[in-house]
Amino acid sequence: MDPRIPRLRRKLAAIPFQPLRSHSFGEEQHKFSLGPKLAEARVAAFEAEHDIVLPDAYLQFLTHIGGSGAAPFYGLMPLERCSLMVMNPRGEPGTPRGFDGTGASNHGHDLFLHIIEMGCTDVCVIAVTGPLTGRVLIGNSDGFWGPNLSSATDFLDWYERWLNHMSAGRDNRALELTSPRLRAHPDRHRMAPKI
């Protein structure tokens, strides 16, 4: 088991009781609760069905912390609802790239697993093949914005960053966190820094 697991459990358990924490968009949906941990056999069946290997840090989360629930945005989706995607081909320089579901014509492209519900056509994915394997990206499946690659080295680091920023009462546009200071201000939508 990854040594970060017990620390993440403690941090998540404390978040709802911290009066000066940030507001996390979508927390009303998951209420900082986690679904049951997944059995390794269930994960292995998913990997075999999709012919992939889940990144180790994400696998550690699913099997030692929880299989769904508390996470940025609307929360971690149950594994059976996760779908494989590919990033759209590069268009004009400087234009965002979207994501599409995988199909027969997408064989050989880098694969991303849609793991967190963001709403509308926005997606939070983890790379499962290619040079970005294990890294978390957010973007829009239609290519209206992003994709933005997190600087966190893996899923557990990304998840801990969310907990740390929330605990410290920080704003973080990439994680949709709003500090108590900005939440109370009538012009909070104009004050949040862009990343």
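Some notes on this structure:
- Membrane-span-like helices in the chain (whole DSSP H runs, Cα extent of at least 27 Å along the helix axis, mean Kyte-Doolittle hydropathy of at least -1.0): none found.
- Normalised by the number of residues in region 15-116, the mean separation of alpha-carbon contacts (under 8 Å, six or more apart) gives a relative contact order of 26 percent.
- Split the accessible area of region 1-145 by element, probe 1.4 Å, and carbon with sulfur accounts for 56%.
- For region 1-74: rounded, prolate or oblate by the Cα gyration tensor [a/c cutoff 1.5]: prolate
- Prolate/oblate/rounded label for the chain (Cα gyration tensor, a/c 1.5): oblate
- Report note on the peptides 5-17, 129-141: ranked by the mean count of other C-beta atoms within 10 Å, highest first, their order is 129-141, 5-17.
- Scanning residues 5 or more positions from Leu34 or on other chains, those with amide H under 5 Å from its amide H are Ala70, with H placed 1.01 Å from N in the peptide plane.
The values are calculated or read from the model by the stated rules, or taken from the named source; none is laboratory data. These numbers come from a predicted model, not from an experiment. As a convention, Cβ positions derive from the backbone with ideal geometry for all residues, glycine included, and neighbour counts pool all protein chains shown. The accessibility values were calculated without ligands, DNA or RNA, using every heavy atom of the protein model including side chains. Shrake-Rupley method; radii C 1.70, N 1.55, O 1.52, S 1.80 Å.
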